[in-house]
Amino acid sequence: MPRILDMVEPLLGVLPEVERPTKRQAASDRVLWSGLALFIFLVCCQIPVYGIRPKSGADPFYWMRVILAGNKGTLMELGISPIVTASLIMQLLQGAKLLQIDERSARDRKLFAGAQKIFGLVITVVESIAYVMTGIYGDVKDVGFFTSFLIVIQLTTSGVICILLDELLQKGYGFGSGISLFIAVNICETIVWKSFSPFTMNTGRGAEFEGAIIALVHQLLQGTSKTKALKDAFYRPHLPNIMNLLSTGLVFLVVTFFQGFAVMINLVQANSKQPAPQKIRLFYTSNMPIILQTALVSNLYFFSQIMHKRFPTNVFVRMLGTWEEPEFASGGYGQSVPVAGLAYYVSPPQSFADLIEDPFHVAFYACFIMATCALFSKTWIGISQQSPRDVAEQWHAQGLVMPGFQQSKENLQAQLEHYVPTAAALGGMCIGALTILADFLGAIGSGTGILLAVTFIYQYYEQLEQEQYLPAWIKI
């Protein structure tokens, strides 16, 4: 019987695709391509969708927009959600053995990538239609059928652009991937905005500047009591404060510190016997576990809010999640917060006070985050060609051997079996634990967002350093 992947092959010819470069791109050209891709993405993040009629109410993706690099009401409404969701689906299908793939076969890898792109396109269309049909852009009857169709076309087209930009970078024209670049920039933009936003908001205590640093300066200049001004600036509720900024900086330092944890495997060149040690990092699968876990939770949030909006009294819908809109919403987007059900228990606690108020929520969230991150990390090593067998083949092809052992892939693989699965699972759990810590501390952009930003920036630093494209004075 034909495999599911074989059914994808006839569709590959009609899929939009970025051709691989005929030769390795120079570092300067890769920086240029990365900047161009980022520029296109940021422009799309500012162009409003034509024909929408914004409706007051909850934004289903509010809590995930920083991580999914989406911007409400713009062409990049969906952000990278379709790409990450498609990756999650393919990983689950492969993990459940529903997809038979030979990871050593170039043809199978091409079919797998094609199937993932097809899933991404399908999810883009489905999410675009869901946004229109659920009334997020206004009632369909008021918007009109033709305008609704145009909105779906706009969101689908921008989703295709996002997929192609990601593919452009991954195929060697730029550095890293589009997912990495877009999330890192989006999170850094959020941190800067929450620090220096000049907009004023009323949270029941009068008008206040949204930016934490702007608010600090304003309160010190205008307040009669400097002690009270400092206290308000450091601990004010509902809006970013100085403690949030300090927590964000602390998380940056902690994650950067853990990036350096690695086990060194002593290898030598088979011919010259020159030492060629290789590192197995603690964050072996980098940030993919938390990205996939975020995609899982974001889709749960989206589905739960839509169902609760339509069927608020249904028992099963309430078990999935009950949502309420807070009286004061930072950012002014009318976000909902889960207050009961599964969506509530997988949502991050806002502070250490939650540990006392609802310890079961905190315990469930911690176990969920660390377990799912460890599981996704361990299963990802096979999909991303980072399994002990794949790495052993790469090292063997480079002529690397272990001193005192016969030159063979089996010896390398046996050694890697001691480290890789453990590093993947433990690294995934550590990523989850750091995310929880950042959420407790109230870091801006959420714990997940900060973790992703730091790991992405560190990856780009390493790639630029390897290309010898960094100035000599920049050294971590």
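For the reader, a short list of remarks on this structure follows.
- Neighbour net charge for S408 - beta-carbon separation under 13 angstrom, K R +1, D E -1: 0
- The residues packed around P312, meaning those with a beta-carbon under 11 Å from its beta-carbon, carry a net charge of +2 if Lys and Arg are +1 and Asp and Glu are -1.
- Column: log10 I(q)/I(0), Debye, Cα scatterers of the range 252-313, q = 0.19, 0.24, 0.28 Å⁻¹: -0.84, -0.98, -1.08
- Shape category assigned to the range 277-328 from the gyration tensor of Cα positions, a/c cut at 1.5: prolate
- Summary of packing: across the peptides 241-250, 35-44, the per-residue average of other C-beta atoms within 10 Å ranks them, highest first, as 241-250, 35-44.
- Nearby lysines by direct alpha-carbon distance to K273 (threshold 22 angstrom, same-chain neighbours under 8 apart not counted): K409
- Helix-only [θ]222 nm of the chain, DSSP H runs n ≥ 4, -39500 (n - 2.57) each, per residue, nearest 500: -19000 deg cm²/dmol
- Counted by Cβ distance under 12 Å from I444, the other residues give a net charge of -2, where Lys and Arg count +1 and Asp and Glu count -1.
- Among the listed pairs K72/K378; K72/K141; K23/K72, those with a Cα-Cα distance over 30 Å are K72/K378; K23/K72.
- Per-peptide average of other Cβ atoms within 10 Å, ordering 19-30, 430-441, 154-165 highest first: 430-441, 154-165, 19-30
Read the figures in this text as sums done on the coordinates, not as results from a lab. Note that the structure is predicted; figures quoted are calculated from it, not measured. Here the Cβ is made from the backbone with ideal geometry for all residues, glycine too, and neighbour counts use every protein chain on show.
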